[in-house]
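The values are calculated or read from the model by the stated rules, or taken from the named source; none is laboratory data. Model, not experiment: these values are computed from the prediction. Using ideal geometry, Cβ is built from the backbone for each residue, glycine included, and neighbour counts are taken over all protein chains shown. Protein only, heavy atoms only, side chains kept; ligands, DNA and RNA dropped before computing areas. Shrake-Rupley method; radii C 1.70, N 1.55, O 1.52, S 1.80 Å.
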Amino acid sequence: MGSGDTGVNGGVSFWWGRLGLPEPRPALPGHREVDICVVGGGYTGLWTAYYLKKAEPGLRIAVLEQRFCGYGASGRNGGWLYNGFAGRGAFARRHGRAGAAAMQRVMDAAVGEVADTLDAEGIDADVVRGGVLEVARTPAQLARLRAFAETERSYGPDRVRELSAAETAGRLRVDGALGGVWSPHGARVQPAKLAAGLADVVERLGVELYESTPVTAIHGGRTPRAVTPHGTVGARYVLRATEGFTSGLAGERRTWLPMNSAMIATEPLPASFWAEAGWEGREVLGDFAHAYMYAQRTADDRIALGGRGVPYRFGSRTDVDGATQPATVRQLRDVLHAFFPAARSARIEHAWAGVLGVPRDWCATVDLDRRTGLGWAGGYVGSGVTTTNLAGRTLRDLVLGHDTELTRLPWVGHTVRRWEPEPLRWLGVHALYAAYHAADRRESGRRRPTTSPLARLADTVAGR
C-alpha cells in the first residue's frame, strides 16, 4: 500500500493492536459489599487500588470497568510520562505561588515514581527516560517557547534547557525548527503495556477487577453505592475514576467535557531515516502551536503522532472503539510530513482516537467527601499519564484519613463550575478550536513574532 493509505482505523488503539486486545475478566456476578469501590479501570482507578492495597492489605477493594482495564484514554494516549499538569497557572493565581510550586515538585518526582514502580513490579512498558523536547517552528511559537522556558526556570533554575536551532537539530531534526526546550522530567511509555501490567499487579494483590461492567449511576449518603446492570456494589467509599467517560454517568453530563484527541502510527521506519532524523534519546516530542502536536519514537522505530481533530461530539458522545474521521487522519499526516519530510513515503499503519476529560476551567481536581462517601479524580486535559499516579496516592491518603503533603496540594478540593448545556457546549468548543487553527495558520503565513490575537481571544473565552 502507498503512503496515502491507512491500515487500521480504530481497533481501540495501535498500542492495544501491538499487545493484543485482552480477554475481558468476568463481569460483576451480583450484589457486592466492599470497603472501597473504584469506578473506572484506567490509570486513575488502578493506581488508586494499587496504593490503597499496598497501604492496607486487608481492605476489600473492587474496581468496576465498563469494557476492559485500559480501554479508555489509558490505553490510547501518546505515551508522555511527564511532569505537566492541568491548571498550574490558575492554581498559582487562585491559591498562591507556593502551592503551585509544591504541586510542581511532586509532579516532577512522580515521573520517577511511576518508572521506579513499574520496574519494581516487573512491568515492561517500554519506558525510556529521555525527557521532553518541545520545538518552535514559527517566530510566534519561538516567543512562546522563550516565555515558557522563563516561567519553568522560575520554578527551579535547572528544570529546562533552552536550545538553539542547531542544538535542537542535534537532538532531533524537525524541519523548520527555530529552537527548542528540553526538560529531563519525562519519559516515553507504551500506554497499553502500562495499563495491562498494572491491572495484573493489582489483581495479584487481591483487588477484585470486574470488567464488562458499566456503571450507570453513583449514589452517596449513608449507603454509598455504584449501580450496574449486573448488581449494585455498596462500599464505605465510592471513588469515581472515569475521566473522559464521566458524562455517561447519571447527573454528570456537564461535569467534564469529553474532548477528542487522535493519533496515527507509521510503519517501522528504516535505519536511514533515523540516521538523518536522530531521536537517539527517545525524547517525547511536542510543539508550541495552539493546536499542538505530540509524538514519540516507539520501541519498534515508528513515529506515533497525535493532535486534535474533531475536538468534540455533540451531546458529549464518544467514539466507537477508537475510530476517527478520515479528515483527522489527513490532518495528522500533514503534520507528520511537515515535521519530517523524509517520512512522506511511510505508510500510516494505524489511526485511532480517544477522549480526555476537560473541566470548565481546564484544571484537574481530586477530592473525597466524607459526608457522602464519594471521591473522584480527573479532568487531566491530556496530561494524565503521570497525574493519575499522583491522584492515586492522594486518594489513598484521603481515604485513610492521613494529613500529608499530597492532601494539602491546591488541586485537592478544587471546585469547578459545570459546562454549558447544548448546543452552547458544542458551538463553543468548535469555535474555540477553529480560532486556534486559524491562529496557527496566520502565525505561520505571516511569520509574525507575536501570538495571534485570535488565540488570545480563544484563551479568554475558554477560561484558561
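Kirkwood hydrodynamic radius of segment 157-239 from all distinct Cα pairs, in Å?
Details: mean 1/r = 0.0563 Å⁻¹.
Its Kirkwood hydrodynamic radius stands at 17.8 Å.
Converting phi to 3J(HN,Hα) with the Karplus coefficients 6.51, -1.76 and 1.60 and the offset θ = phi - 60°, segment 259-264 yields 7, 7, 9, 10, 9, 10 Hz in sequence order, with x at every glycine or proline. For segment 1-60, the calculated P(r), taken from all Cα-Cα distances in 10 Å bins from zero up to the bin holding the longest distance, is 16, 32, 26, 16, 7, 3 percent. Scanning residues 5 or more positions from Gly375 or on other chains, those with amide H under 5 Å from its amide H are Val238, Leu239, Arg240, Asp369, with H placed 1.01 Å from N in the peptide plane. Positive-end ranking of Trp47, Phe14, Thr216 along the dipole of the chain, with charges on Cβ about the Cα centre, is headed by Thr216. Considering only alpha-carbon pairs that sit under 8 angstrom and 6 or more positions apart, the relative contact order computed for the chain is 25 percent. Charge tally around Ala377: other residues with Cβ under 9 Å, Lys/Arg +1 each, Asp/Glu -1 each, net -1.
So, with a 1.4 angstrom probe, what is the percent of accessible area on the chain that is carbon and sulfur? Working shown, then result.
Values: 9170 of 17730 Å².
That share works out to 52 percent.
The fraction of Cα-Cα pairs per 5 angstrom bin, counted from 0 for segment 189-348, comes to 1, 7, 13, 15, 15, 13, 12, 9, 8, 4, 2, 1, 0 percent, rounded to whole percents. Rounded to the nearest 5, the antiparallel percentage of DSSP beta bridges internal to the chain is 65%.
Think of segment 222-297 as having a plus end and a minus end, set by charges on the Cβ of Lys, Arg, Asp and Glu; of Gly286, Val227, Phe273, Val227 sits farthest toward the positive end of this dipole.
Over segment 38-103, all Cα pairs binned in 10 Å intervals from 0 give whole-percent P(r) values of 18, 30, 33, 19, 0, listed from short to long.
Calculated FRET efficiency, Arg330 to Asp124, Cβ-Cβ distance, R0 = 30 Å: about 0.30 to the nearest 0.05.
The label-point distance for Asp301 and Ala338, in a model that sets each label 7 Å from Cα toward Cβ, rounds to 2.8 nm. Charge dipole (Cα centre; +1 on Lys/Arg Cβ, -1 on Asp/Glu Cβ; no other charges) of segment 79-181 amounts to roughly 740 debye. Whole-Hz Karplus values for segment 134-146 come out as 10, 10, 10, 10, 9, x, 5, 4, 5, 5, 5, 4, 5 Hz, taken residue by residue from phi with 6.51 cos²θ - 1.76 cosθ + 1.60 and θ = phi - 60°; glycine and proline positions read x.
What FRET efficiency would be calculated for the residue pair His95, Thr460, taking the C-beta separation as r and a Förster radius of 25 Å, to the nearest 0.05?
Numbers: r = 21 Å, r/R0 = 0.85.
The pair His95/Thr460 has a calculated efficiency of 0.75.
The spread of Cα positions in segment 122-185, taken along each principal axis and listed from longest to shortest, comes to 45, 30, 16 Å. If every alpha-carbon in segment 210-272 counts as one equal scatterer, what log10 I(q)/I(0) does Debye give at q = 0.17, 0.25 1/Å? Listed by q, the Debye log ratios stand at -0.68, -1.13. The label point for Asp158 and the one for Thr415, both projected 7 Å from the Cα toward the Cβ, are 4.2 nm apart.
Translational diffusion coefficient, Stokes-Einstein: compute it for segment 91-156 using the Kirkwood radius over C-alpha pairs as Rh, at 10 °C and 1.306 mPa s, and state it as an integer in µm² s⁻¹.
On the way: Rh = 14.5 Å.
Calculated translational D: 109 µm²/s.
A simple spin-label model places the labels of Arg370 and Phe314 4.7 nm from each other, with each point 7 Å out along Cα-to-Cβ.
The H on the amide N of Gly309, modeled in the peptide plane, is under 5 Å from the matching H of Ala262, each at least 5 residues off or on a different chain. Evaluated on the chain, the Kirkwood hydrodynamic radius is 22.4 Å, with distances taken between all distinct Cα atoms. Within the assembled protein chains, the solvent-accessible surface assigned to Ile348 is about 0 Å², based on a 1.4 Å probe.
Report note on the peptides 113-123, 176-186, 224-234, 405-415: ranked by the mean count of other C-beta atoms within 10 Å, highest first, their order is 176-186, 224-234, 405-415, 113-123. Estimated from helical segments only, the mean residue ellipticity of the chain at 222 nm is -11000 deg cm²/dmol, where each DSSP H run of four or more residues counts as -39500 (n - 2.57).
Calculated FRET efficiency, Ala165 and Ala438, Cβ-Cβ r, R0 22 Å, to nearest 0.05? Provide the component values of the computation, followed by the final result.
Working: r = 26 Å, r/R0 = 1.20.
For R0 = 22 Å, the calculated efficiency reads 0.25.
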